[in-house]
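Chemist: Before I ask anything, let me first share the structure, which is written out below as structure tokens.
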Amino acid sequence: MTAVKFSAVIVSLNEERNIGECIDSLGDVADEIIVLDSFSTDRTAAICRMAEVTFIQREWQGYSASKNYANGLASGDYIISLDADEALSPELADSILKIRNIPAQDVAFTMNRLNNFFGMWIRHGDWYPDKKLRIFRRPAGHWEGIVHERLILPRNTKIIHLKGDLLHNASTSVSEYVRKSWHYAHLVARSDFEQGRIKTWLYHGAIKPVSLFVRSYFLKLGFLDGYRGLLLAAIAAWERHVRYVAFRKFKKRSRSTNLSL
């Protein structure tokens, strides 16, 4: 039986801090590595060219559109889809090597993602095991969604879970993570507004943020991660409240525009 070919596809923007580790972790696993970069202004391009990967630059078109475009450049039987701040753990790399002789069929693979926040691996709360589906047959899978991109696969696809972690260098500082959360909250709020969703202050502005904190910090044992667990649960609750506030702003702005016409 001929071994299947794996194409690693990475999307990046100003990831000089992480892109080298990401590429290195794929060295023994991927038959080709494709990096789609949105015109980084740091050393991302130089690092990728030194690594001799296929490096392509293109204006950012959104998560799903960018990933689908990059997937179209791949030639492998299966795609390993990563963000530039992610890397395979040695155990996960070994697990992928063990499936090289699988027949090229509609099978996809999940793995646990281990997130590093503020210099520590977070193993509780909503942050672990953080299961992700990142390996799939190339012709069969495509991404959909503006913000919450999700992988669409044929209905009969068999899902197999691999041993080992996908290592995610999420944020090195609290301020960096707060900025990311603020940006993400506004992206989600705009998407919800454009889809015509309805939100109420009691549920979306109060109950959901509080319940999110309780679930992450208490029910899922986030407190075992020390003060980082507390910060992450609190920021997640705050981000959920910001989604509601931003949603209301978009709605109010739309009403004002309509009234002025």
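Chemist: Using helices alone, I'd like the mean residue ellipticity at 222 nm for the chain: each DSSP H run of four-plus residues gives -39500 (n - 2.57), total over residue count, nearest 500.
Modeler: So the helix-based figure for the chain works out to -11500 deg cm²/dmol.
Chemist: Follow-up question, since we're still on this one. What whole-number distance in Å separates the alpha-carbon centres of region 63-82 and region 212-251?
Modeler: After rounding, the separation between the Cα centres reads 32 Å.
Chemist: So, one more: In terms of the Cα gyration tensor, with a ≥ b ≥ c the square roots of its eigenvalues, is region 189-254 rounded because a/c is under 1.5, prolate because a/b exceeds b/c, or oblate?
Modeler: On the way: a/c = 3.38, a/b = 2.62, b/c = 1.29.
Taking the square roots of the gyration eigenvalues as a ≥ b ≥ c, region 189-254 is prolate.
Chemist: Moving on. Taking only C-alpha pairs under 8 Å that are 6+ residues apart, what is the relative contact order of region 22-180 in percent?
Modeler: Dividing the mean separation by the residue count of region 22-180 yields 27 percent.
Chemist: When the accessible area of region 1-145 is computed with all protein chains present and a 1.4 Å probe, what percentage of it is carbon and sulfur? Intermediate values should be presented prior to the final figure.
Modeler: Values: 3020 of 6440 Å².
Here it works out to 47 percent.
Chemist: Return a whole-number percent for the relative contact order of region 111-178, with Cα pairs under 8 Å and 6 or more residues apart as the contact set.
Modeler: It comes to 45 percent, rounded to a whole number.
Chemist: Another question about this same structure. If you put +1 on each Lys and Arg Cβ and -1 on each Asp and Glu Cβ, how big is the dipole of region 175-260 around its Cα centre, in Debye rounded to 20?
Modeler: Once rounded to the nearest 20, the dipole reads 380 debye.
Chemist: Where Lys and Arg each count +1 and Asp and Glu each count -1, what net charge lies around W60 among other residues with Cβ under 15 Å from its Cβ? Display every interim value, and only then the final one.
Modeler: Working: positive: R58, K67; negative: E15, D37, E59, D83, E149.
Neighbour charge sum, excluding W60 itself: -3.
Chemist: Rolling a 1.4 Å sphere over the protein heavy atoms, what is the accessible area per residue of region 112-254, to the nearest Å²?
Modeler: Using a 1.4 Å probe on heavy atoms only, each residue of region 112-254 averages 56 Å².
Chemist: Where the accessible area of region 181-261 is counted over protein heavy atoms with a 1.4 Å probe, how much of it, in %, is carbon and sulfur?
Modeler: 64
Chemist: I need the peptides 200-209, 154-163, 45-54, 30-39 ranked by packing, meaning the mean over residues of other C-beta atoms within 10 angstrom, with the highest value on top.
Modeler: 30-39, 45-54, 200-209, 154-163
Chemist: Give me the lysines in straight-line cross-link reach of K132: C-alpha distance below 27 Å, same-chain residues under 8 apart excluded.
Modeler: Counting by Cα, and skipping residues close in sequence, K132 has these lysines nearby: K5, K67, K98, K158, K163, K180, K208, K220.
Chemist: Roughly how many debye, to the nearest 20, is the charge dipole of the chain about its Cα centre, given +1 on each Lys and Arg Cβ, -1 on each Asp and Glu Cβ, and no other charges? Write down the numbers at each step before the final one.
Modeler: Numbers: 36 positive and 28 negative charges, 328 e Å.
Rounded to the nearest 20 debye, it is 1580 debye.
Chemist: Which percentage, to the nearest 5, of the DSSP beta bridges contained in the chain is antiparallel?
Modeler: That works out to approximately 40 percent antiparallel.
Chemist: If you take every DSSP beta bridge fully contained in region 1-138, what fraction is antiparallel? Give it as a percent rounded to 5.
Modeler: Percentage antiparallel, nearest 5: 40.
Chemist: Moving to a separate point now. Starting from 0.36 nm per residue, how many nanometres of slack lie between R43 and S175 once their C-alpha separation is accounted for?
Modeler: Residue separation times 0.36 nm, minus the Cα-Cα distance, leaves 45.2 nm.
Chemist: Which angle from 0 to 90°, rounded to the nearest 10, does the C-alpha axis of helix 226-260 make with the longest principal axis of the chain?
Modeler: The answer is roughly 70 degrees.
Chemist: Then there's this: Under a Cβ-only charge scheme (Lys and Arg +1, Asp and Glu -1), can you give me the dipole magnitude of region 6-128 about the Cα centre, in debye to the nearest 20?
Modeler: 120
The values are calculated or read from the model by the stated rules, or taken from the named source; none is laboratory data. Remember, it's a predicted structure, so these values are computed and weren't measured experimentally. When we count neighbours, we look across all protein chains shown, and the Cβ atoms used for this are built from the backbone with ideal geometry, even at glycine. Areas reflect the complete protein model, heavy atoms only, side chains present, ligands, DNA and RNA absent. Shrake-Rupley method; radii C 1.70, N 1.55, O 1.52, S 1.80 Å.
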